[in-house]
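Okay, structure first, notes after.
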Amino acid sequence: MQNETKADVVIIGGGIVGTAIARELSKYQLDVILIEKQPDIAAGTTKANSAILHAGFDAHPDTLKAKLNVRGNAMYHELEKELHLDVKWTGSLVVAKTDEDMVTLKELLERGQQNKVPGLALLTKDEVLLKEPNLSKDVKGALWAPSAGIFLPFGAAVAFADNAISNGVRLFTECPAEKIVAEAGKVVGVQTPKGFIGCNYVINAAGVYADDISRLAGDDSFSITPRKGEYILFDRKVGNLVNTVVFPAPSKFSKGILVCPTVHGNIFIGPNAQEIANKEDISTSPTGMSEIIDRAQELLPNLPLREAITQFSGVRAAADCGDFVIRNSEFVAGLIHAAGIQSPGLTAAPAIAEVVAEILKLNGVELKPKPSFNSHNPKPIVFKELSLAEKQAAIEENPLYGRVICRCETITEGEIVAAIQQPCGAKTVDGVKRRTRAGMGRCQGGFCGPRVTAILARELNISVSQVRKESAESYLFYEKMPGDCEVTGHE
Amino acid sequence: MNKRLYDLVIVGGGPAGLAAAHSAKLNGAKNILVIERDRELGGILQQCIHNGFGLHRFHQELTGPGYAQRYIKLVQEHPEVEVLLDTMVLEVKQNKTVLAVNPELGVFEVQAKAVIFTMGCRERTRGAIRIPGKRPAGVFTAGAAQRMVNMEGYIPGKKIVILGSGDIGLIMARRLTLEGADVQAVLEIMPYSNGLTRNIVQCLDDYEIPLHLAHTIVAIHGQDRVTGVTCARVDANMKPIAGTEFDIECDCVLLSVGLIPENELSEEVGVSLDTKTNGPVVDQRRQTSLTGFFAAGNVVHVHDLVDFVSEEGEIAGKYAALYAQGKLPENYRTINILAENAIRTVVPQKIVLDHASIDPVRLFMRVGKPEEKLLVEVVGAQGKVLATKRLPIAKPGEMIVLEIPIDKFADAGEFVVVTTRQAVKA
């Protein structure tokens, strides 16, 4: 990037929302730059959440959450094909264990019908246990939502970004917004450590930092309260314990701690909900772990704790108003917020992107379709899922597909190199993990970590000691220290 | 696909696989294929550049690569042993077809008459033991760190805390000290170390590295890179005791918290596993519950000395070779071996009797916790004592070996129990 760059629109934040907006805007003849402060996209809230495509019965009618959830859920059916997303339309259950819970289910059913969620049904105990035989026998009934699904949030963000970049959007990583510069109450650009980006429109998709970004422009109209949720992920070995997304009946504050499969055949439990002061606090805690284990055991009594492979936590970007904040700033012209995107934000993301495009249009931006726009990403090679003949063909084309780097997940060097070379390529070990699953298995990178590090160093043409785990300063290894090798005490 | 036929396919070219290949050749196997996923033979030995290997086998102190090289040479002397490096076995089928992949051959199948599993083990991770806190860079398993230091030439940190006093953790404490790093402490959740006594002395005591028994890490700190850990003493149930917390500043946490036999392939093909060892149930020939499938080394149970791994590889190699040639003596009886009292695990878990074998049986046992003045007894179903061994001290980290002539089992009944009692005179 030069010291001064120009664009029509700068999007701040490379999470699911920022990348979905980038992809949406790449359909039009606009010059768009997406800036992300970390070395890789999807490194904040997008990487650590429940990965659910919600059906949309939860939010109150008339909220943005309700409208955009149902719309977003429907949009993913098309996106799944265009961008080769890993989606499984498993459906979800909200499980009642008390009479009070049954009342809650009826409320959810009505709310869902008002929100136009398709196919909702109340199931009897027997019907629930037929679907999910491992659930607690205390179940009284459940709300069945067939349109819910599970997917890979970071996979979706990378796919959005890949497609956006292929269609002309520029991505600048390690490029935090330092200042939103306005003249006469109107945005003129964004100051970054890499230089000034002149633009007329800034879209604030900065997740938990959206209020801080807003304040950079002097707009103090909302605040984000980070709310942490902790998770435990289990080995694929026990992945058949549940087949659908299983929620407990919700409380006033939370959808509750769920038991849920992943698209890769693991299961996880979580999240709890804890308001925290520090937006960076993604630590896990013994109390949090016990809380989610206790709650999950109420749903799934035979929780296979021995098969836990990792724990993590993520932070929800909850706005003080309780709904999504998707609107023009009232303080600075040209600043558009896509903020407060907590659950069901992943589901809503593509719909949020449409709303943002609409706001730009209402602001007078001409959205001329780009004739060269290609809505499709090339299909990535996932070695493990290929037939024998396809595997053979892939290796003949590129022998690196014949070298397995990650043993637990059977990920080849070819896939890792492709992940680094794709338009929105991985620059870190966690970036490789998000794109390929290398290191996500039971050994958690014990074997492949050093090898992935070496491949990154080679492909990025940097030294091993410059390879990072995730964030800007998360270097993994040091050069050996120069040591004195003197022999003393000899005659 | 054109399947090549081998007498024997060995999955894994570490010490167990190499010993198995060598022994299979000596016992008449014609063509043997060793499949290794790494770029060279020798397995984890190649990263173990410290000494102390081979005292039993070669009566010399060798380094890991030195020990490996002896076996690599033995194997390379046999043209009948074919080795495929950089090759991953994707699947082993019950009909002994082995599906594998490498960059040169692509995906290919070979047909074996007998298969030996020698895949070794992997390290338990942070996630498996649920260490709370943040997830910055700088948390490594000790083995991964060892590979980086000894084979790739990078160090994982400069100020280090090690969790777990297993042998790899202890060795790495010394190794990183020699590389100029400050090893702050080794923490061990048990009230005793699981490492070999010689490693406690030579790796910690000699370098004045403190060992905190009955302690664990209750939080890892750091946003980008580890900045420190909070430790605490634990109670008898291994739960941290409130009020005992203290912080240690460091930029790196190494985990040496246990090894797990790597049995994904064996499990998929249907081999029965022992829930205590996490390895296959084997008889004294190292044959698993599936006929013609053998297993040896750390994939069966985690060893403390490579010499015993080689021994087990030789046994598996021999009997797999005999099986492949149709010469494995027919057995007429199976005797199950049960562990009792202080004994936690026994390998083999079964003895088979035939009319030809004269090889004595060596039982490899581990105690569940440290014991003093222990009398180990092997007792037949009718109460007849087959063998005894007196041990002044027994530790979980050190394997107990007991040799019993095979004919002793002839009238042992359906099972024998390996049990213990306090010895009056040790």
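The values are calculated or read from the model by the stated rules, or taken from the named source; none is laboratory data. Just so we're clear, the structure is a prediction, and the values are computed from it rather than from any experiment. Ideal geometry is used to build each Cβ from the backbone, glycine not excepted, and the neighbour counts take in all protein chains shown. Accessible surface areas use protein heavy atoms only, side chains included; no ligands, DNA or RNA. Shrake-Rupley method; radii C 1.70, N 1.55, O 1.52, S 1.80 Å.
Observations on the structure shown:
- Filter pass, A:T287 being more than 10 Å from chain B (Cβ to nearest Cβ) and hydroxyl-bearing (S, T, Y): no
- Hits in region B:289-300 (condition: open to solvent by 10 Å² or more (accessible area, probe 1.4 Å), touching a residue at least 60 places away in the same chain (Cβ under 8 Å) and in a loop (DSSP other than H, G, I, E, B)): B:L290
- When region B:171-183 is filtered for residues that are open to solvent by 10 Å² or more (accessible area, probe 1.4 Å) and either touching a Lys or Arg at 6+ places or on another chain (Cβ under 9 Å) or within 7 Å of chain A (Cβ to nearest Cβ) (or both), the ones remaining, listed by number, are B:E179, B:G180, B:D182, B:V183.
- For region A:215-254, residues that are in contact with a His (Cβ under 9 Å, 6 or more places away or on another chain) and surrounded by fewer than 23 Cβ atoms within 10 Å (Cβ to Cβ) total 5.
- Residue that is nearest to B:R366 (Cα to Cα), among those in region B:392-416 that are open to solvent by 20 Å² or more (accessible area, probe 1.4 Å) and outside any loop (DSSP other than H, G, I, E, B): B:V401
- B:A242 vs. criteria away from chain A (no Cβ under 14 Å), free of Cβ contacts under 8 Å to residues at least 12 places away in the same chain and surrounded by fewer than 17 Cβ atoms within 10 Å (Cβ to Cβ): no
- Only listed residue being surrounded by 19 or more Cβ atoms within 10 Å (Cβ to Cβ) and not in a helix (DSSP H, G or I), chosen from B:I315, B:I337: B:I337
- Residues in region A:438-470 that are under 17 Å from the mean Cα position of the chain (by Cα) and modelled with pLDDT of 95 or more: A:E470 only.
- Residues in region A:415-447 that are part of a helix (DSSP H, G or I) and open to solvent by 10 Å² or more (accessible area, probe 1.4 Å): A:E415, A:V417, A:A418, A:I420, A:Q421, A:V429, A:D430, A:K433, A:R434, A:R435, A:T436.
- Restricting region A:392-409 to residues that are in a loop (DSSP other than H, G, I, E, B) and open to solvent by less than 30 Å² (accessible area, probe 1.4 Å), the residue that is farthest from the other protein chains (Cβ to nearest Cβ) is A:E409.
- Meets criteria (among the polar types (S, T, N, Q), crowded, with 24+ Cβ neighbours inside 10 Å, away from chain B (no Cβ under 11 Å) and farther than 26 Å from B:R175 by Cα) for A:T412: no
- Unmet requirement for B:G120, which otherwise passes all of (1) facing another protein chain (nearest Cβ under 10 Å); (2) closer than 22 Å to A:R306 by Cα: (1)
- Region A:448-469, residues that are part of a loop (DSSP other than H, G, I, E, B) and more than 7 Å from chain B (Cβ to nearest Cβ): A:N461, A:I462, A:S463, A:V467
- Residues (in contact with a Gly (Cβ under 7 Å, 6 or more places away or on another chain), within 14 Å of B:F409 (Cβ to Cβ) and buried (at least 18 other Cβ atoms within 10 Å of the Cβ)) located in region B:340-388: B:G380, B:L386
- Some residue of region A:111-134 being closer than 30 Å to A:A210 by Cα and more than 26 Å from the chain's Cα centre (by Cα): yes
- For region A:25-46, the tally of residues that are in a helix (DSSP H, G or I) and surrounded by fewer than 24 Cβ atoms within 10 Å (Cβ to Cβ) stands at 0.
- Residue list for region B:90-106, restricted to those being touching a strand residue (DSSP E or B) at 6+ places or on another chain (Cβ under 9 Å), without any contact (Cβ under 8 Å) to a residue 24 or more places away in the chain and either among the aliphatic types (A, V, I, L, M) or open to solvent by less than 20 Å² (accessible area, probe 1.4 Å) (or both): B:L90, B:L99, B:V101, B:N102, B:L105
Each row is one residue, and each column tells you yes or no for (1) of a type in the set (D, E, K, R); (2) at pLDDT below 95; (3) at negative phi.
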| residue | (1), (2), (3) |
| --- | --- |
| B:E152 | yes, yes, yes |
| B:L187 | no, no, yes |
| B:D205 | yes, no, yes |
| B:H212 | no, no, yes |
| B:V218 | no, no, yes |
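- Restricting attention to region A:268-309, the residues that are surrounded by fewer than 17 Cβ atoms within 10 Å (Cβ to Cβ), free of Cβ contacts under 8 Å to residues at least 60 places away in the same chain and more than 23 Å from the chain's Cα centre (by Cα) total 7.
- Test: residue in region A:347-355 that is small (G, A, S) and either more than 30 Å from A:G322 (Cα to Cα) or open to solvent by 50 Å² or more (accessible area, probe 1.4 Å) (or both): no
- The set of residues in region B:318-330 that are outside any helix (DSSP H, G or I) and surrounded by 18 or more Cβ atoms within 10 Å (Cβ to Cβ) contains only B:L328.
- Restricting the first member to region B:70-89 and to residues that are more than 19 Å from B:D7 (Cα to Cα), and the second to residues that are among the hydroxyl-bearing types (S, T, Y) and part of a helix (DSSP H, G or I), the beta-carbon pairs closer than 9 Å and six or more apart or on different chains are B:Y71/B:S310.
- Total residues in region B:120-143, condition of a type in the set (A, V, I, L, M), surrounded by 23 or more Cβ atoms within 10 Å (Cβ to Cβ) and under 28 Å from B:V306 (Cα atoms): 2
- Residue match in region B:206-226 (condition: part of a loop (DSSP other than H, G, I, E, B), among the hydrophobic types (A, V, I, L, M, F, W, C) and open to solvent by 40 Å² or more (accessible area, probe 1.4 Å)): no
- Any hit, region B:186-203, residues being open to solvent by 10 Å² or more (accessible area, probe 1.4 Å) and within 12 Å of chain A (Cβ to nearest Cβ): no
- Answer residue from region B:37-77, given it is open to solvent by less than 30 Å² (accessible area, probe 1.4 Å) and part of a loop (DSSP other than H, G, I, E, B) and is nearest to B:C203 (Cα to Cα) among those: B:G52
- Here B:R57 clears all of (1) of a type in the set (K, R); (2) closer than 30 Å to B:I155 by Cα; (3) touching a residue at least 60 places away in the same chain (Cβ under 8 Å) except the condition numbered (2).
- Residue check, B:I168 in a strand (DSSP E or B), in contact with a Gly (Cβ under 9 Å, 6 or more places away or on another chain) and away from every other protein chain (no Cβ under 11 Å): no
- Qualifying positions in region B:149-164 - at the interface with chain A (Cβ under 8 Å from one of its Cβ atoms) and touching a residue at least 60 places away in the same chain (Cβ under 8 Å): B:P156, B:G157, B:K158
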